[in-house]
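Readers should treat all values here as calculations from the given coordinates under stated rules, not as data from a laboratory. Bear in mind that the values here come from a model prediction, so they are computed numbers and not experimental data. Glycine gets a Cβ as well: all are built from the backbone with ideal geometry, and neighbour counts include every protein chain shown.
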Amino acid sequence: MLDRREIKFRIYHEEGGTPSRESVYEELIKMLGVNEDKILIPYFRTPSGLRVSEGIAYVFLDGFHMCQVEPKYRERRMVKKHGEKKSEEKS
């Protein structure tokens, strides 16, 4: 069993464009009251011409399980969005 909750959300943005993934991420952290290393947004889209965005967020109850079940690129995307620099060194 995965030790996570799946949350589906919808954002109505009549004024302005699609909110950034980072702003959605920060708002979900505040609303859900979880640490930033426990949440991941694998899906966030706005269909063309609509002012409604839909997404899915995973809230991990134990961060250890996130690295076991989620692809590395999703973890890198999460780190990159929060100001930490991704290592550019290549071996």
Legend entry - Lys72-Lys8 pseudo-label distance in nm [points 7 Å out on the Cα-to-Cβ vector]: 3.3 nm
Legend entry - Approximate shape of the stretch 1-55 as ellipsoid semi-axes (Cα gyration tensor, √5λ), whole Å, largest first: 23, 13, 8
Inset, instruction - Pull up all non-local amide H partners of Ile39: gap of 5 or more, or a different chain, and H-to-H distance under 5 Å with H placed in the peptide plane. - result: Phe60
